[in-house]
Amino acid sequence: MLDVRRLVLLRELSIRGTISAVARAMNLAPSSVSEQLSLLERETKTELLRRVGRNVQLTEAAMALVERVEPILGALEEAETALISAGSAGGAISGRVRLAVFQSAALVLIPPALSLLRERHPALRLEMVQYEPERALHETWARDFDVVVAEQYPGHSAPHWPGLDRRQLVKDELQLAVPAALTIDGQPLPAGEELATLLQHRPLPWVMEPRGTATRHWAEQLIRSAGHEPDVRFVSADLQSHVKLVESGNAVALLPGLTLVDHPQRLRRISLPGRPLRTVFTSIRSSSARSPAVVAVRAALEEAAQPLDAGKAADIEPGG
């Protein structure tokens, strides 16, 4: 019978690409990873790895074996979940849940969700890491995380990975953020024409996220579809820095509503034409769907998100 731990290492190599990356991910020495994979080759009596320069490459036989590892890992996770569920029936929920979340969700959703979990399931250990959504979805599929909070922008689909489900948390309105005192030639921005006026007169530059992010792609396409090229002078992955640049009168921005839940008085929020929405959702592996700990974390996130549905904030000015 093949050793499951060695099969896991082979799968990790197919995902990570190098022995050293597998070693870092699994907290092992590279020599130990190489030794275990060599033992797997002897067990299978098949060439699984081929040396290519300083790296190794999986053979066709190895890739065929990797394809059959995923169902095995799913079955093991389901078995472990069933065992834990049986042991915790009527008792306290415990265990560790690894959560990946992006910044605006971490700021608004995680604090109330943690309070709910601490009150209801004090023996449950939640570990959170801030990750870009697309990468976090991949890492959840790769089993580095148990739950991911991710996002999807209009016209931009987040990647789908086999064995991951999706459940909506909240629809979050994407808004125009400008300094509260911003005027054009001494006149306030005309109601319903705020974005068009900014694009025409260019009173301030834009702050946006780095290229390659869904946020940046959506924002650029919105402005270009209106016939303009944004003057992007400030780039940061930290949306709180976007807010600071806007409230200090140095930039304008397109920001998700969750970022502006507790916005300062020196910042004005304006709805965009058509009131575009991004979808914030949770995703887990189907094989862990019955895990009491995973279910509890997902439920807490959904409860924390309930008051944040788009359109409920009374201080969003209509526009467009």
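The values are calculated or read from the model by the stated rules, or taken from the named source; none is laboratory data. Fair warning: this is a prediction, and the values are worked out from it, not measured in the lab. As a convention, Cβ positions derive from the backbone with ideal geometry for all residues, glycine included, and neighbour counts pool all protein chains shown. For the accessible areas, the whole protein counts, side chains as well, though only heavy atoms, and no ligand, DNA or RNA atoms are used. Shrake-Rupley method; radii C 1.70, N 1.55, O 1.52, S 1.80 Å.
With contacts taken as Cα pairs under 8 Å at a separation of at least 6 residues, segment 1-70 carries a relative contact order of 33 percent.
Per atom type, segment 172-277 shows carbon and sulfur on 49% of its accessible surface, probed at 1.4 Å. Per residue, the chain exposes 50 Å² of accessible surface when a 1.4 Å probe is rolled over the protein heavy atoms with every protein chain present. Report, in degrees rounded to the nearest 10, the 0 to 90 angle that the Cα long axis of helix 214-225 makes with the longest principal axis of the chain. Between the helix axis and the principal axis of the chain, the angle is about 40 degrees.
Of Glu173, Glu70, Glu35, the residue with the greatest mean-square motion in the GNM of the chain, using alpha carbon springs below 10 Å, is Glu35. Helix 292-305 versus the longest principal axis of the chain: what is the Cα-based angle in degrees, 0 to 90, to the nearest 10? Orientation of helix 292-305: about 0 degrees from the principal axis.
Taking trypsin sites (Lys or Arg not before Pro) as exposed when DSSP calls them loop (any state but H, G, I, E, B) and at most 14 other Cβ atoms lie within 10 Å, what is the longest stretch of the chain free of them, the sites themselves excluded? Answer - 55-210.
Considering only DSSP beta bridges with both partners in the chain, what is the antiparallel share in %, to the nearest 5? Looking only at bridges with both residues in the chain, the antiparallel portion is about 65 percent. Computed on the Cα atoms alone, the convex hull of segment 4-86 gives a volume of 95 cubic angstrom per residue. For the chain, the relative contact order comes to 23 percent (Cα pairs under 8 Å, sequence separation of at least 6). Split the accessible area of segment 4-86 by element, probe 1.4 Å, and carbon with sulfur accounts for 54%. Considering only segment 172-277, what is the antiparallel percent among its DSSP beta bridges, to the nearest 5? Bridges in segment 172-277 are about 75 percent antiparallel. Pairs of Cα atoms nearer than 8 Å and 6+ residues apart set the relative contact order; for segment 172-277 it is 49 percent.
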